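Before any comments, here is the structure.
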DNA sequence: ATGAAAGCGCTAACAT
DNA sequence: ATGTTAGCGCTTTCAT
């Protein structure tokens, strides 16, 4: 293969047709294996050879513009805001959708307003938008997408979102699971870490609310603890925890919890002896640190299940509901 | 805003033109703020109002099909194979390119062959493909993209890739930095963790090669240690390390290293007393675990710098070279 | 200052 | 069994 520095004009299906000595329609039929068209094997071979020789790559946008169909699935997701739990799951979903013929693309938008973000996705005219862990799929955002012809709008929310296929899952239940676990172990003066990093409030606020609800039921006391994700902030907070006389901390997620747990140990506070610590997400990190970290674990629907639902939504406009996301504390050494 | 369940046919610029009482050309001029066209303020206002009222969202594919330009940048990246170091950096790059008017999209393809993957990206006719940490941007893959009209093909590699804007960075240097550090601390019987997970060989093999090179220079001995990313595998490997009489381990990256370090401690092996441990990527994890983990740190070019280079490449077809990626061991308690 | 019309690369009726 | 043709939604000369 010769490597030319300056490639000629882009190869189109017309070039392939010319070289193969057939029409553009025939090229389309052959390369897309259109079932309704009967093309002789000889012609097929000629077309494929020509395409191969020219290095022809179809123009996805042109094809979908004409056909009115699209195989694009947009996953709105900011890579760095995603825990390892989610990133593994996103990977599986990508594979599952890929197997079903979709082109999956992650779109990490940074715009604040839900409708603005939705418009950015809608410009691409995707067949589906699957929003996991992004709290910004409001009813209006859904309308923008639907209006742009998006067949499947999937989102996670604590209650059904109008027009969208909603995966029910309430972040408050993370707080509930954590506090129930701690109360069950006799803890009553409980701190709840609130990350200072932007974009995490959508998760931390409901978790705190869930924590408060359960604590009230059991006569336990909740103290919100703002914390930045850094060594120094963890050290300062560890000191504060001791001064406040807390006997437990729910650390928002495993990363914050592990950071704080290490800082507590550095200050001579016994974990879980004096202060119990609970994380969330059940990352491998929870098993890497010592003491091993008790963590609230997600139970997400399987990626294949969700991919099937998306496929159904795109083809038939409807799909059977999926089981809700639920949460469970996995007890380890830290509590 | 009324939420209709079944949206009508998609709104096109023709609808906007009709409502505003102007031609489609005028709509295009107004919404794209075309400098060469002089449109009266009154008309502009009318058009914008009509677009707003109809909830018009432009069809990106149609626009770029006609104009021959595209603002799409594809970042080939498998989310889960990306360390947190890279994910933060990818986030910044996304922002930087977004600020320059590009639509950034992560494409986590799972196909093995470089050319197949390149074809999948080329179907989208992106303006640029920026491949970080994906070792599969071969010269042929670059040609496929160039041929499809991709203006900027950027990749990381240990040596310039023909036709691509290459960011020089050699994974072997990660191994070099780790082993030089360990040898400098008097260690001579060194294990190198080789992750069993698929897709990581592209990184682990060169790191091992770099480690071997430096070890040979200093009369140290290298033992490759296959390991899966799990608690059990780490436990088994910890036992093996002791049996082999190793005095140091380079743990591939911080995650594997931390897992192994904890397993060693569980077995009563003193870290760093009996066995020193070094990771890579300099994640916050390295500061979360105890003993704090020595780690090899990347020095990547700033995201803004790279975004500028991409922009230059797209507009002018050329850009000034960027400084090479280099590596440095950050000493902490584990070595 | 605005409109008419051509055409980007492709697919899908409809012809042949 | 294959070719002809008419657009998909948009941008962009060229006219007016």
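The values are calculated or read from the model by the stated rules, or taken from the named source; none is laboratory data. Every value quoted in this text rests on a predicted model; they were computed, and no experiment measured them. Glycine also receives a Cβ, built like all others from the backbone with ideal geometry; neighbour counts cover every protein chain displayed.
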Residue that is at pLDDT 90 or above, within 13 Å of chain B (Cβ to nearest Cβ) and within 21 Å of residue B:117 (Cβ to Cβ), where the choices are A:90, A:74, A:115: A:74
Quick one: in segment B:13-26, of everything that is within 12 Å of DNA strand C (Cβ to nearest atom), under 24 Å from residue A:124 (Cβ atoms) and surrounded by 13 or more Cβ atoms within 10 Å (Cβ to Cβ), which residue is farthest from the other protein chains (Cβ to nearest Cβ)? B:17
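This table checks each residue for (1) surrounded by 15 or more Cβ atoms within 10 Å (Cβ to Cβ); (2) in contact (Cβ under 8 Å) with a residue 40 or more places away in the chain; (3) outside any helix (DSSP H, G or I).
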position: A:291; (1), (2), (3): yes, yes, yes
position: A:313; (1), (2), (3): yes, yes, no
position: A:323; (1), (2), (3): no, no, yes
position: A:327; (1), (2), (3): yes, yes, yes
Which one of A:307, A:318 is part of a helix (DSSP H, G or I), within 14 Å of another protein chain (Cβ to nearest Cβ) and under 29 Å from residue A:163 (Cα atoms)? A:307
Here is a check on your reading of the model: is residue A:57 outside any helix (DSSP H, G or I), away from DNA strand D (no atom under 16 Å from the Cβ) and facing chain B (nearest Cβ under 9 Å)? yes
Look at residue B:36 and say whether it is over 30 Å from residue A:85 (Cα atoms) and surrounded by fewer than 16 Cβ atoms within 10 Å (Cβ to Cβ). yes
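Residues checked against (1) within 25 Å of residue B:168 (Cβ to Cβ); (2) touching a helix residue (DSSP H, G or I) at 6+ places or on another chain (Cβ under 9 Å); (3) within 14 Å of another protein chain (Cβ to nearest Cβ):
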position: B:223; (1), (2), (3): no, yes, no
position: B:236; (1), (2), (3): no, yes, no
position: B:271; (1), (2), (3): no, yes, yes
position: B:298; (1), (2), (3): yes, yes, no
Subset of segment A:120-154 that is assigned to a loop (DSSP other than H, G, I, E, B) and facing chain B (nearest Cβ under 7 Å) - its residue that is farthest from residue A:314 (Cα to Cα): A:123
List the pairs whose first member sits in segment A:57-76 and is touching a residue at least 12 places away in the same chain (Cβ under 8 Å), whose second member is within 11 Å of DNA strand D (Cβ to nearest atom) and assigned to a loop (DSSP other than H, G, I, E, B), and whose Cβ atoms are under 9 Å apart, counting only residues at least 6 apart or on separate chains? A:64/A:125; A:70/A:125; A:70/A:149; A:72/A:125
